[in-house]
Every structure is written in C-alpha cells, then in structure tokens.
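Remarks on the structure that follows.
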C-alpha cells in the first residue's frame, strides 16, 4: 500500500504543473514564441518558467528542471518558482530536494497554499503526520474549497488517530468532488 500511495502522490503533486504546462507545450517548437522569447530575454525568469513548463509537458524533466533552476537563480525571491521547482523534483523522486524547495517557497511566502499542500503530502508519505497536519491545515485555511487538500488532511488525521476530524475532512472532500472511491472506502473504514 505505501508504494501505491507514493505513486498516487507523485502523480497528484505533479498534476497541477503538468496541466498548466499542456498549453505551453505547443509554444516550444523551433521558431515558436516561447523559444524566441528565450533568445530575446535570456535573463527573464518567466521565460525560463514557460520553457520549463513546456519541457515538463513533453516529459523532458531534466531539461525542465535546468530551466527552472535558471529561473530561480534569476529571481531567488520568488516563492512560485521554488514551488514549481519542488513539484518537478517530486516528479523525479527527489523528495529531499523537493521538500527544501517547498520550505523555501514558504519562507518567502507563508501563505502559498500550493506549497503547503505539496509539502504536507510529501510529509504524509514520509509518515511525518504532525508536520503534514500543520501544512495541510494551513493549505485548507488558505484554500478551503480544494478537495485534494481535504483528502490528504483526512488521511493524515486518520493516521494520527483523530477520527472525528478525519471524517469531517473526508465528508467535506466528497462534497467538493464526489468521485473519490478511495476516500469513500476510507470514510467507510473510519465510521
């Protein structure tokens, strides 16, 4: 079961980045606006971010990571870049480095819900339930209508033995996204 959970978490963590990248993938062909922009603006972090997303959409993760590292080096104060880099590192199973990027993102912007969610999921997978609960609860506070946050918050609370709170989280998650058979199963086990 831990192996399955880990694979699911990697997919979920990378889903946001992948979905956002799909539209940019069309721009990465030779002579495209993204490629031209990189040649014209090599010191623009957003250009490198766009290239990283396009490369990630094509599953060119090492190249995408290099682009994001360049973006971070150009704008180390941008939390969103550290969050995006952490997401790419998770997709490459570099969990320690990913956690460091999420933590840096949160140091720069303590209210970045996506970094709280991703770090919380990573900590959940590492069975660091107290830390995971803190980050997932903060992510939920910042974005209360995010079903995935509630999904993982419920799982974390279950592992921590806080069943009434877990049940509330699972029910809230199902209200936002009813098609979650794994959560229905966990809710049934909790009742």
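Our note on the geometry: Cα centres of region 89-103 and region 117-148, 15 Å apart. With the simple spin-label model, which puts each label point 7 Å out from Cα in the Cβ direction, the residue 145 to residue 92 separation comes to 3.6 nm. Oblate is the label for region 60-109, because the ratio a/c of its alpha-carbon gyration tensor axes (a ≥ b ≥ c) is 1.5 or higher and a/b is not greater than b/c. Specify whether the C-alpha gyration tensor of region 88-159 places it in the rounded, prolate or oblate class, a ≥ b ≥ c being the square roots of the eigenvalues: rounded for a/c under 1.5, otherwise prolate if a/b is larger than b/c and oblate if not. Because a/c hits 1.5 or more and a/b fails to exceed b/c, region 88-159 counts as oblate. Given axes a ≥ b ≥ c from the Cα gyration tensor, I'd like to know whether region 129-191 is rounded (a/c under 1.5), prolate (a/b larger than b/c) or oblate. Here region 129-191 falls in the oblate category.
Remark: spin-label model distance residue 126-residue 182 equals 2.0 nm, labels positioned 7 Å along the Cα→Cβ axis.
Every number in this text was worked out from the coordinates using simple rules, so none of it is lab data. Predicted, not measured: the structure shown is a model, and the values here were computed from it. Using ideal geometry, Cβ is built from the backbone for each residue, glycine included, and neighbour counts are taken over all protein chains shown.
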